[in-house]
Amino acid sequence: MKRRAPAIGWRFIAALAIGWLVLWLVALRDPERVFTAYLAAWLLLLAIPLGSLCLLMIHALTGGERGRELRRHCTDAVRCLPLSLLLSLPLMCGAPWLFGWAQAAHRDDWPVHYLNLPFFYLRCAACFACWLMLARGAVRRAGRDAWTGYAAGGLILMLLSTSIGAVDWIMSRVAGWHSTALGATLFASQLLTALAFAVWRHLRDATQAGLAPRRQDMANLLLVAALGWGYLAFMDYLTAWISDLPADNAWYLPRLRTDWRWLGATLAVVPLSCILPLLARAVKQSVTPLRWIAGLLFVTQAFYDLWLVLPDVHRGGPAWSWREPLAWLCATGPAICAWIPGKTRRVDTDARAMDAAT
């Protein structure tokens with residue numbers, strides 16, 4: 001008996017209605033600030049299902065027992081993709097305040113043939129349709145062994161669509177700035193976010209069920225994902241620092257010449273403090289340290305999403321108020337209400353037997 005997709009219950013509908021009402025009431029006074037904070041939260045919520053979708057397709061290409069252990073958690077996350085996309089509606093409505101190119105007073109600073117609201121909505125619809133199509137196909141094929149062709153093509157489409165989304169939602173917020181590595185860096189960030197989330201859940205469930213998870217494999221996966229994201233993020237910064245162009249400085253100077261540099265230092269130190277223990281055999285064999293490392297890596301990616309968008313509004317440094325946490329609550333509250341009561345059921349009998357055996 002196959003499990004069903006998560007149902008949208010009354011808790012989610014009530015939380016969604018209340019959250020969006022509060023969001024718009026708060027946005028009446030400072031819409032750019034509120035929608036930017038909401039964007040950072042939405043990027044994190046979107047990274048979990050999109051990264052899980054890529055993990056399923058990567059496992060279809062590589063195989064291995066380690067992917068089978070995480071398959072159930074990745075499939076659960078992918079089934080929540082429609083809910084994550086639904087939470088983008090406030091951002092669509094708030095696009096005129098969220099993006100400078102959508103405002104008539106600043107249109108001369110952007111290429112209007114590409115950055116205009118009708119074309120922006122069309123690109124978002126195309127990317128969302130692509131992700132939903134790939135998610136539907138991946139969930140149907142997740143228990144099979146021969147879908148390498150679909151997975152290979154799907155990963156290419158995911159990288160292309162993620163790059164388009166990175167340009168539209170992040171890069172276009174800074175006039176003149178461009179980065180050829182941003183799409184790949186965001187793709188690696190989504191993989192690390194989803195992997196850390198899946199590993200944390202798997203280790204927790206395996207411990208509660210008295211099973212013995214493949215701890216060393218989980219540690220190696222986290223190590224590779226963290227190194228990949230860290231390398232891309234650092235090289236993006238290094239090339240911009242070497243070139244020292246005005247367009248690149250418009251992105252980096254608010255992050256390095258103000259108090260935002262402490263957030264940047266956190267993004268450098270915390271992943272490094274997670275990577276070094278993953279090299280030790282004793283840590284790889286222990287469940288508790290691995291759960292802490294997976295949780296820290298997940299929190300780091302939440303900080304990375306803040307780093308991507310908030311300094312573009314607070315260019316003089318962090319200026320926290322109650323609006324940012326409230327916007328995050330409006331974004332994450334409905335998702336939590338949908339996730340907890342609407343968790344998908346266990347896999348079919350054969351898959352459950354396989355999980356117990358591993």
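Coordinate-derived values only; no laboratory data. Computed from a predicted model, the values in this text were never measured in an experiment. Note that we place each Cβ from the backbone using ideal geometry, even for glycine, and neighbour counts take in every protein chain shown.
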Sorted by average packing, counted as other Cβ atoms within 10 angstrom per residue and highest first, what order do 15-27, 264-276 take? 15-27, 264-276
Sticking to Cα atoms, compute the Rg of region 21-104 to one decimal and its Dmax as the biggest Cα-Cα distance, whole number, in Å. 17.2, 55
In a shell of Cβ-Cβ distance under 15 Å around LEU25, excluding LEU25 itself, what net charge do Lys and Arg (+1) and Asp and Glu (-1) give? +2
How do the peptides 231-237, 44-50 rank, highest first, by the average count of neighbouring beta carbon atoms within 10 Å per residue? 44-50, 231-237
Nearest 10 degrees, 0 to 90: helix 65-79 Cα axis against the chain principal axis: 50 degrees
For the pair ALA265 and ASN220, how long in nm is the line joining their label points, each one 7 Å along Cα→Cβ? 3.7 nm
Rounded to a whole number, what is D in µm²/s for region 10-348 from Stokes-Einstein with the Kirkwood radius over alpha-carbon pairs (4 °C, 1.567 mPa s)? 62 µm²/s
Pairwise Cα inverse-distance average, inverted: Kirkwood Rh of region 124-170 (Å): 11.3 Å
For the chain, the longest principal axis of the Cα atoms and the Cα long axis of helix 117-141 enclose an angle in degrees, to the nearest 10, of 0 degrees
Using a 7 Å offset from Cα along Cα-Cβ at THR207, what residues in region 260-293 end up with backbone N under 15 Å from the label point? 283-293
To the nearest 10 degrees, how steeply does helix 10-27 sit against the main Cα axis of the chain, on a 0 to 90 scale? 20 degrees
Simple SL model, points at 7 angstrom along Cα→Cβ for ALA152 and TRP24; separation in nm is 4.8 nm
About the Cα centre of region 236-328, what is the dipole size in debye to 20, counting +1 per Lys and Arg Cβ and -1 per Asp and Glu Cβ, all else neutral? 400 debye
Given the DSSP H assignment, sum -39500 (n - 2.57) over each helix run of at least 4 residues in the chain and divide by its residue total; what's the result at 222 nm in deg cm²/dmol, nearest 500? -24500 deg cm²/dmol
Work out the length of the dipole vector of the chain about its Cα centre, built from +1 on the beta-carbon of each Lys and Arg and -1 on the beta-carbon of each Asp and Glu, and round it to the nearest 20 debye. 1360 debye
